[in-house]
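So the structure is just underneath, and the comments pick up after that.
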């Protein structure tokens, strides 16, 4: 193993994917370093790290400590990668530039000569605008809350072809927010978001629903780490690793969401699937019961179906923004369109299908009130619209789990 040490410098890092990403890129120690602003100077002058990535809020603060800067860092005016120089001091680079350029090129969207709106004027926007300029985007318009181009006068930019979010809007745990409604930009040809958690922000879900090419921040995160890792390791790293790591992280981050008719086996399949993948299992109906302090039939009796559905959406709003779990939903969650983005933002949705004659009705208010055939006819198209994968659950449990695992590949 490489004996040199590297890490990520920031103030509040929480859960970061950086150590795992770097472990898949090279063979060196990589840890997280949370440092308060008052301790930054001491840390940079005394640390024995051989290099580090830098995140909020220090990308500009580390500039004075750099003896040399890359062209990108000098031009952008911020640094997210520091490499210790033999002659003392630090070499500063901005690999966020590489990361954003990667997701644009990967998307296939041609930004050359296209009017581009960049929402936000923080550190991330500087790297994004530099990459866009080098790809030929023109004009590039920065949109802020109070600047010359702000959210109150966007009508003059309805002809924008490319939209980029560089703000934290829509980021976990405050998912569901977006800087603008994409429908207000009829000439839009491509949408990008630097946020990577959730994988599909509300902004990207809008683009998906409109059939527009789009890309989120996960590719940017991995590609910038790849470029940093090349500098840390001191040698080229195959670019193909970016796609491999993106795929690995996406699978780990994604919830596996089970939908289907009441009694189709979502809970049993979910528990078996969670065990096979070593993931937590969550039963949405169980969470609703826990929050209400009474059974689902009691909720229906006291509040009716509308009251239950409101509770269900509130539960899915919390559960859907998590990651890496197996989530079993209630049979009627698809009856509310607003539940789809809650489940899809970080989830792969699996529709479990079972013969109607095999569905139990005990303890299920709607199943007792309506025939299985009636409920199925009401919901069939909604299940299909929600689902990414459809799996038959008429055979042995282990076969169903195997089919889901195979489909997830």
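The values are calculated or read from the model by the stated rules, or taken from the named source; none is laboratory data. Keep in mind that this is a model prediction, so the values were computed, not measured. Cβ atoms come from the backbone with ideal geometry, glycine included; neighbour counts cover every protein chain shown.
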Considering only the stretch 257-271, I want to know if a residue exists there that is surrounded by fewer than 17 Cβ atoms within 10 Å (Cβ to Cβ) and more than 24 Å from residue 357 (Cα to Cα). no
Would you please list the contacts, defined by Cβ atoms under 6 Å and residues six or more apart or on different chains, that run from a residue in the stretch 280-309 that is at positive phi and in contact (Cβ under 8 Å) with a residue 60 or more places away in the chain to a residue that is assigned to a helix (DSSP H, G or I) and surrounded by 17 or more Cβ atoms within 10 Å (Cβ to Cβ)? none
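For the structure I just gave you, tell me whether residue 128 is outside the structural domain of residue 78 (by TED's automatic domain parsing) and free of Cβ contacts under 8 Å to residues at least 40 places away in the same chain.
So residue 128 does not fit the description; no.
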Which number in (1) modelled with pLDDT under 95; (2) surrounded by 18 or more Cβ atoms within 10 Å (Cβ to Cβ); (3) in a helix (DSSP H, G or I) marks the one condition that residue 316 misses? (1)
How many of the residues making up the stretch 49-89 are assigned to a helix (DSSP H, G or I), touching a helix residue (DSSP H, G or I) at 6+ places or on another chain (Cβ under 7 Å) and closer than 16 Å to residue 37 by Cβ? 1
Qualifying positions in the stretch 100-119 - over 20 Å from the mean Cα position of the chain (by Cα) and part of a strand (DSSP E or B): 116, 117
Mind checking whether some residue in the stretch 239-256 is over 30 Å from residue 52 (Cβ atoms) and either in contact with a strand residue (DSSP E or B) (Cβ under 7 Å, 6 or more places away or on another chain) or buried (at least 19 other Cβ atoms within 10 Å of the Cβ) (or both)? yes
Unique match (being surrounded by fewer than 19 Cβ atoms within 10 Å (Cβ to Cβ) and at pLDDT below 95) among 14, 38: 14
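Within the stretch 177-256, considering only helices (runs of 4 or more DSSP H) that don't extend past its boundaries, which have at least 2 residues that are over 15 Å from the mean Cα position of the chain (by Cα)?
Answer list for the stretch 177-256: 217-233, 240-253.
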Tell me, please, whether a residue that is part of a strand (DSSP E or B), in contact with a strand residue (DSSP E or B) (Cβ under 9 Å, 6 or more places away or on another chain) and either within 17 Å of residue 58 (Cα to Cα) or in contact (Cβ under 8 Å) with a residue 60 or more places away in the chain (or both) can be found in the stretch 12-28. no
Taking the residues in the stretch 41-58 that are over 31 Å from the mean Cα position of the chain (by Cα) and buried (at least 16 other Cβ atoms within 10 Å of the Cβ) as candidates, determine which candidate is nearest to residue 167 (Cα to Cα). 44
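Each row is one residue, and each column tells you yes or no for (1) over 29 Å from the mean Cα position of the chain (by Cα); (2) at pLDDT below 95; (3) buried (at least 21 other Cβ atoms within 10 Å of the Cβ).
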position	(1), (2), (3)
60	no, yes, no
63	yes, no, no
70	yes, no, no
74	yes, no, no
88	yes, yes, no
92	no, no, yes
95	no, no, yes
98	no, no, yes
